[in-house]
Amino acid sequence: MGGPSMPDEDGRHVARSAVTVALAMREDLRRVADIEQVSFSDPWSARTFGSLIEEPRVYFAVARDGADRVIGYIVAWMVADEAEIANLAVAPEARRGGVGRSLLDAALDTARGHGVRTVYLEVRESNAAARALYARRGFVEIGRRRGYYRRPLEDAILLRSEISAAASPETPAVEGVRRR
Ligand SMILES: CC(C)(COP(=O)(O)OP(=O)(O)OC[C@H]1O[C@@H](n2cnc3c(N)ncnc32)[C@H](O)[C@@H]1OP(=O)(O)O)[C@@H](O)C(=O)NCCC(=O)NCCS
């Protein structure tokens, strides 16, 4: 999909090609918490994010733009051959530029590299953007948790993806895996 390309009118392809994904560091926490605040009605605290940085089974990564600014993050738990995408958000001004997909792909690659075969996640029923992103990456609906979310009360749709065990050569080590 895409690859290097000329920028389109709103510069989306420029942003896309400049995005990098790397493990989160302490200095990223404030910006991550700010993005979390504007992205969710029941946000995780900065302290919660801070507690994930050194968790051995947590993959916590941030996306940066060409100016090195944190524009999104993902948190995944990895235990044995299962993983759960626990949190994913992109700064509102950086959405629809492929950042969410890059973060998800980085987490799925890392999971593959650690022998994960099945990835789960929960998503608000009304969250069309996230559901479209996950569907494009092969996630299928396997259930529903009634009244799972607060503010507003809403069902969670439970999704699952079976991923291949083949590790990609560039897969980074999991140093840092949580749940939303
Ligand atoms: C969901 C979210 C992370 C997507 O991030 P993003 O960087 O905007 O997504 P991408 O640009 O990588 O989009 C990848 C694909 O997802 C789908 N998608 C993303 N946003 C969409 C939207 N608003 N409407 C419909 N489909 C959308 C599209 O299929 C898109 O591919 P395309 O651009 O080729 O059509 C972002 O909207 C967000 O942070 N939302 C608030 C937090 C949230 O809901 N997190 C998920 C919790 S489970």
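Where a number appears in this text, it was derived from the coordinates with a stated rule and is not lab data. Note that the structure is a prediction, hence the values are computed from the model and not measured. Don't worry about glycine lacking a Cβ; one is built from the backbone with ideal geometry, like all the others, and counts go over all protein chains shown.
Remarks
- Stretch gain in nm, segment R150-A22, where the contour uses 0.36 nm per residue and the Cα spacing is subtracted: 43.0 nm
- Cα-Cα pairs of region 53-100 separated by more than 12 Å (percent): 63 percent
- Share antiparallel - DSSP beta bridges, region 48-140, percent rounded to 5: 80 percent
- Length added when fully stretched, R30-V140, from 0.36 nm per residue minus Cα-Cα: 36.3 nm
- For region 71-128, the Kirkwood estimate of hydrodynamic radius, built from reciprocal distances between every pair of different alpha carbons, is 12.0 Å.
- Spatial extent of region 12-162: Rg and Dmax, with the Cα atoms as the point set, Å: 14.7, 42
- Stretching the chain fully between S41 and R117 yields a gain of 24.2 nm (0.36 nm per residue, less the alpha carbon separation).
- Using C-alpha pairs below 8 Å separated by at least 6 residues, the relative contact order for region 12-162 is 19 percent.
- As a calculated quantity, the FRET efficiency between R69 and T48 at R0 = 22 Å, using C-beta atoms, amounts to about 0.50.
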